[in-house]
Amino acid sequence: MDTQDLTTRVMAGERRALARAITLVESRRADHRAEATRLLEALASAGREALRIGLSGTPGVGKSTFIEAFGMFLIEQGLKVAVLAVDPSSARSGGSILGDKTRMEQLAREKNAFIRPSPSQTQLGGVARRTREAVALCEAAGFDVVLIETVGVGQSETMVAGMADLFLLLIAPAGGDELQGVKRGIMEMADLILVNKADGALLETATRTCADYAGALRLLRKRAQDPEGYPRAMTVSALTHDGLAEAWAAMQRLADWRRAEGIWSATRAAQARTWFEEDLRQALLARLERDPKIRGLVGDLGEQVATGRISPTAAAETVLAALGD
Ligand SMILES: Nc1nc2c(ncn2[C@@H]2O[C@H](COP(=O)(O)OP(=O)(O)O)[C@@H](O)[C@H]2O)c(=O)[nH]1
Ligand SMILES: [Mg+2]
């Protein structure tokens with residue numbers, strides 16, 4: 001399959017071609033990289049856009065169960081749904097979504113769904129680029145919604161929020177008035193806080209937890225990207241599917257408002273600019289690390305800095321000077 005062929009097949013929404021294209025963008029081989037860039041360029045011209053939804057929450061909160069239920073709900077609405085996972089620790093754990101596939105059994109069988117586990121890479125920068133490119137491929141393949149799942153570890157959430165149109169935070173019902181140690185920074189990224197497991201014996205606790213979060217959200221600084229009433233906290237049950245339709249309605253209302261206000265495109269433009277700068281930074285660092293002369297110099301100077309023979313600032317300047325020639 002050449003690039004032209006792959007482009008045509010991805011555009012036709014062939015899932016096997018999409019899987020293959022993602023494998024291509026995940027490859028570190030220089031020739032693959034060049035082909036991936038050509039493919040992405042060719043596909044970008046189609047100008048297809050999906051609703052990109054970032055989803056985060058600590059292990060056990062019900063992300064996989066929610067994605068299965070919400071994904072099926074969207075498919076019943078006639079939409080095509082892609083699910084990508086970002087897990088910086090997957091190199092060690094062997095990929096979280098794999099075990100999860102059992103929880104996404106139904107979704108995995110749907111022809112209008114596409115599920116892709118996390119690329120096994122330790123470097124968050126590498127994961128970010130590959131995930132972004134996978135998102136772009138899913139969009140080109142005609143998916144309406146791309147869900148990007150991440151586990152609740154700080155940096156990966158920021159990264160996912162940086163490539164999403166909407167960011168959802170899944171929370172478990174909890175007794176007590178502590179907000180489960182959810183970091184303020186993460187709360188500030190959320191467009192919707194969904195308190196999951198609002199069913200059975202947990203319903204009452206979930207309702208109370210939801211009210212707590214609604215209160216906490218009201219205390220946050222007003223964001224330019226929100227209409228009245230957002231960010232919101234709502235209860236859902238991935239198990240009984242209660243609240244899923246309401247959550248989807250809230251997402252659509254927010255997305256529509258942002259489109260109408262020009263916030264949607266402005267946010268995407270700003271995101272693209274950030275990615276460009278981030279890519280450049282990564283590539284420059286990689287180039288430095290490949291240069292044996294610079295690597296040697298950095299090693300030597302590191303030693304001198306550690307033993308106090310030269311200041312960190314002077315050492316950095318020495319390296320920069322060496323780059324100049
Ligand atoms: N009662 C109830 N349990 C749920 C719900 N969603 C998930 N769970 C359970 O919570 C556990 C963790 O769910 P999982 O989807 O694997 O969480 P993840 O680690 O965030 O992906 C499983 O035992 C699920 O059955 C829900 O809405 N209600
Ligand atoms: Mg899971």
* **Size of charge dipole - the range 1-82 - debye, nearest 20, with Cβ of Lys, Arg +1 and Asp, Glu -1, no other charges** => 140
* For LYS293, LYS80, LYS183, LYS63, what's the fewest-to-most ordering of other Cβ within 10 Å of each Cβ? -> LYS293, LYS183, LYS80, LYS63
* Asked: Which of TRP275, LEU288, LEU301 sits closest to the plus end of the dipole of the range 259-303, meaning its Cα is farthest towards the positive end, when Lys and Arg get +1 and Asp and Glu get -1 on the C-beta?
  -> TRP275
* Structure fact -> Listing LEU203, LEU39 by rising number of other beta-carbon atoms within 10 angstrom, fewest first, gives LEU203, LEU39
* With each label point set 7 Å from Cα along the Cα-Cβ vector, what nm distance links HIS32 and ARG273? -> 3.3
* Can you tell me the 0 to 90 degree angle between the C-alpha axis of helix 263-290 and the longest principal axis of the chain, rounded to 10? => 30
* Assigned charges on the beta-carbon of Lys, Arg, Asp, Glu; the chain dipole about Cα centre (debye) -> 400
* Local net charge near ALA283, Cβ-Cβ under 15 Å (Lys/Arg +1, Asp/Glu -1) -> +2
* Asked: Ranking THR240, THR235 by Cβ neighbours within 10 Å, fewest first, what do you get?
  -> THR240, THR235
* **Centroid-to-centroid separation of the range 1-23 and the range 215-282 [C-alpha atoms, Å]** => 30
* **Net charge over other residues, Cβ less than 14 angstrom from the Cβ of ALA134 (K, R count +1; D, E count -1)** => +2
* Asked: Which angle between 0 and 90 degrees, to the nearest 10, do you get for helix 292-306 versus the longest principal axis of the chain when only C-alpha atoms count?
  -> 80
* With runs of 4+ DSSP H residues as the only contributors, calculate the mean residue ellipticity of the chain at 222 nm using -39,500 (n - 2.57) per run, divided by the residue total and rounded to the nearest 500. => -18000 deg cm²/dmol
* **Selection from GLY229, THR131, LEU39, by position along the positive dipole direction of the chain (Cβ)** => LEU39
* What is the local net charge at ALA19, summed over the other residues whose Cβ is closer than 12 Å to its Cβ (Lys, Arg +1; Asp, Glu -1)? -> +3
* Structure fact -> Taking a crude spin-label model, label points 7 Å out from Cα along the C-beta direction, the ARG221 to ALA286 distance in nm is 3.5
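Any read-out appearing in this document is the output of simple, stated calculations on the displayed coordinates, not a laboratory observation. Here the structure is a predicted model, which is why all the values come from computation and not from measurement. Using ideal geometry, Cβ is built from the backbone for each residue, glycine included, and neighbour counts are taken over all protein chains shown.
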